[in-house]
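First the structure, in the form of structure tokens, and then the observations on it.
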Amino acid sequence: MTFRARHLLGIEQLQPDEIRTLLDLADSYVDLNRRTIKRTDALAGMTQINMFFEASTRTQSSFEIAGKRLGADVMNMAVSQSSVKKGETLIDTALTLNAMHPDLLVVRHQNSGAVALLAEKVNCAVLNAGDGRHEHPTQALLDALTIRRRKGRLQRLTVAICGDIAHSRVARSNLLLLGKMENRIRLIGPPTLMPAGVGEFGCEIYDDMKAGLEGADVVMMLRLQKERMDGGFIPSEREYFYRYGLDAEKLAHAKPDAIVMHPGPMNRGVEIDGTLADDINRSVIQEQVEMGVAVRMAAMDLLARNLKAERGRAAAGVMV
Ligand code: NCD
């Protein structure tokens, strides 16, 4: 088992062997999650707090289910009803919760870098559930697990990431992970939705869907992140769908067995055709959600092991 990390802040800090360790463990949690009795005691007696400063359906619920299946006591902080609304800063909120001795803190925040800052102030393991447009590591890991199970490998694949790359933490974490595993990555989208400096990412860049999808093994669609846009990035949603929305006709340019992915939430008729999203022969969108629970169980299990070992060494008086 190789997993050295103390926190899960981003894919950037993980080595390929750590990614493999996590995915292997997640595979065993997929099996467990398909049984009637899903409980283990990997986190028994430990406390997990979820702090979501941004809206979430899949990520928050799957972190909660993951913690409960591992036997942790899980608390969801209701941010909209908390003292954050009275002006308390993120760090003060975190220090308050830290005083209650949580073991795992799961944080989503609208500012890039906020979760890493918080991790410096607390003495538990911190998991980044998405920080601004920076990283969303568990999303990239669940995408990787879905790809590995469907394609039988996680190397030498041609992966097309399409749409609003500029505002997407999902795209960033996936780029980092798929790059570390030696895949060929294509970014497809209008030039207005490409991040600055994209030429240095080592990917192929396309603004035409059909050309970019040619021969792709995996097609990953992204939502238009309107909440992060401060101007007119696209002419209209109708025009956007016509040029960049994934439908059967554009998908025909990818490999015949190419899989279609989307992290959710999906805007049908904007970035993806609704019928294609529901086509169980092509779309693995529901499978991504299933893998999400298993990957979050694996991540929390591995971090909890490291935390227990670290505390054990500290109690024995060993210098760390
Ligand atoms: C993504 C996110 O929040 O970054 N959603 C998710 O976690 N599955 C993508 C998005 O909001 O479009």
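The values are calculated or read from the model by the stated rules, or taken from the named source; none is laboratory data. This structure is a prediction, so every number in the text was calculated from the model and none was measured. Neighbour counts run over all protein chains shown; Cβ positions are idealised from the backbone, glycine included. All accessible areas refer to the heavy atoms of the entire protein, side chains included, with ligands and DNA or RNA removed. Shrake-Rupley method; radii C 1.70, N 1.55, O 1.52, S 1.80 Å.
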To the nearest 0.05, what FRET efficiency results for MET1 and ARG238 with a Förster distance of 56 Å applied to their C-beta separation?
0.65
Per the C-alpha gyration tensor (a ≥ b ≥ c, the square roots of its eigenvalues), region 1-155 is rounded if a/c is under 1.5, else prolate if a/b beats b/c, else oblate; here it's prolate
For ALA252 paired with MET229, estimate the spin-label separation in nm (one decimal), with each label point 7 Å from Cα along the Cα-to-Cβ line.
2.9 nm
A student applying the Cα gyration tensor rule (rounded when a/c is under 1.5; otherwise prolate if a/b is larger than b/c, oblate if not) would label region 131-285 rounded
Quarter of the Cα convex hull surface for the chain, i.e. its orientation-mean projected area (nm²):
17.1 nm²
When the charge dipole of the chain is computed with +1 at the Cβ of Lys and Arg and -1 at the Cβ of Asp and Glu, the Cα pointing farthest to the positive end, of ALA114, GLN48, GLN81, is that of GLN48
On the accessible surface of the chain, probed at 1.4 Å with all protein chains in place, carbon and sulfur together account for a percent value of 50 percent
For SER28 and THR89, calculate 0.36 nm times their separation in residues minus their Cα-Cα distance, and state this gained length in nm to one decimal.
18.0 nm
Within region 265-299, which residues have the backbone N less than 14 Å from the label spot 7 Å out from SER61 along Cα→beta-carbon, could you tell me?
265-266, 286-293
Are any of the pairs LYS38/LYS151; LYS180/LYS210; LYS38/LYS85 more than 31 Å apart by Cα-Cα distance, and if so, which?
LYS38/LYS85
Residues in region 31-68 that a label on SER80 would reach, taking backbone N under 18 Å of a point 7 Å out along Cα→Cβ
50-62
Please tell me the relative contact order of region 152-243 in percent, rounded to the nearest whole number, where contacts are Cα pairs under 8 Å and at least six residues apart.
37 percent
Relative to the compact globular guide of 2.2 N^0.38 Å, what is the alpha carbon radius of gyration of region 204-320, as a ratio?
1.54
Write down the accessible area per residue of the chain in Å², having rolled a 1.4 Å probe over the full set of protein chains.
44 Å²
For the chain, what is the calculated [θ] at 222 nm in deg cm²/dmol (nearest 500), taking -39500 (n - 2.57) for each run of four or more DSSP H residues and dividing by its residue count?
-12000 deg cm²/dmol
Give the shape of region 1-74 as rounded, prolate or oblate, defined through the alpha-carbon gyration tensor: a ≥ b ≥ c are the square roots of its eigenvalues, a/c under 1.5 means rounded, and otherwise the shape is prolate if a/b is larger than b/c and oblate if not.
oblate
Using 7 Å Cα-to-Cβ label points, what is the ALA99/ALA211 separation (nm, one decimal)?
6.0 nm
Considering only C-alpha atoms, what is the centroid distance from region 243-274 to region 55-78, in Å?
29 Å
Could you compute how fast region 95-160 diffuses translationally, taking Rh as the Kirkwood radius over C-alpha pairs and applying Stokes-Einstein at 10 °C with viscosity 1.306 mPa s? Give it in µm² per second.
116 µm²/s
